[in-house]
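Here the structure comes first, spelled out in structure tokens, and everything after it is commentary.
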Amino acid sequence: MNGTVKPIQSESARFLVGGTSKGQGVVLLYPDKLASVTTYGERWGYFVGPIVVAAAAIPIARITGAWPEFYGALQAALGVILGGAAGRAVDRGLAAKTVAEAPQGATIIPLDMVASLQTFRPTRLGSLFRGETLVVTTADGTEYGFRGRTGHLQNDIAGALAGLGREVRATTTGLAVSSRALNGEG
């Protein structure tokens, strides 16, 4: 496939294959494939962001002569938010570049191989600390999990599958995918 194709959607997620953790990075949806690339920018952003914000605030504190204690907590929170956002942006760009230029550095799931999609959402306190888990099962039975704030990724994958001529129907456990019958035969 041409390396200039841009992903339809990209999300930060923790990767699971067969229930075993395989790292954290970015999952990218293309018109014909789903790709996951392990990246580290977001995690580094959470660490470096507070340091950068604190360093930027020191001159301001010296000029004003005041440094209320709540500024430290505010700076740390702002640094985590800004650092994480910057890291996510870097990760998404690097992940798309990896898929385009060095696909061997990514896990590629052809959409033609997808058999089902399920989304599991944690309940009670777990929902505060963990996003949902999207499980993509392929025709050979391999389960690929993407844990995080996957947003509307399941719906976007279903749309891409429908665009490839696959039938996607809701079941009690998620979405089942099958080849669309030709000429209305089934």
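Since every read-out is calculated from the coordinates, none of them should be taken as a lab result. Predicted, not measured: the structure shown is a model, and the values here were computed from it. Ideal geometry is used to build each Cβ from the backbone, glycine not excepted, and the neighbour counts take in all protein chains shown.
Report the residues of the range 17-39 in range of a label on residue 156: point 7 Å along Cα→C-beta, backbone N strictly under 19 Å from it. Under cut-off, by backbone N: 24-39. Legend: calculated FRET efficiency, residue 40 to residue 142, from the Cβ-Cβ distance at R0 = 25 Å, rounded to 0.05, equals 0.50. A cut-off of 5 Å between modelled amide H atoms, ignoring neighbours fewer than 5 places along the same chain, links residue 8 with 29, 30.
Taking 7 Å steps out from each Cα toward its Cβ at residue 101 and residue 81 produces label points 3.3 nm apart.
Between residue 74 and residue 149, the C-beta separation translates, for a Förster distance of 30 Å, into a calculated FRET efficiency of about 0.80. Summing Lys and Arg as +1 and Asp and Glu as -1 over all other residues whose Cβ lies under 13 Å from the Cβ of residue 19 gives a net charge of +2.
Using the Cβ-Cβ distance between residue 48 and residue 120 with R0 set to 30 Å, the FRET efficiency works out to roughly 0.40. Between residue 179 and residue 112, the contour length at 0.36 nm per residue exceeds the alpha carbon distance by 23.2 nm. Peptides 43-52, 28-37, 167-176, 13-22, ordered by how many other C-beta atoms sit within 10 Å of their residues on average, highest first, read 28-37, 43-52, 13-22, 167-176. What the phi angles of the range 97-108 give under the Karplus curve with 6.51, -1.76 and 1.60, with θ = phi - 60°, is a coupling list of 5, 4, 5, 6, 9, 9, x, 5, x, 10, 8, 10 Hz, glycine and proline written as x. Charging the Cβ of each Asp and Glu at -1 and of each Lys and Arg at +1, and nothing else, the dipole of the range 1-53 about its Cα centre rounds to 80 debye.
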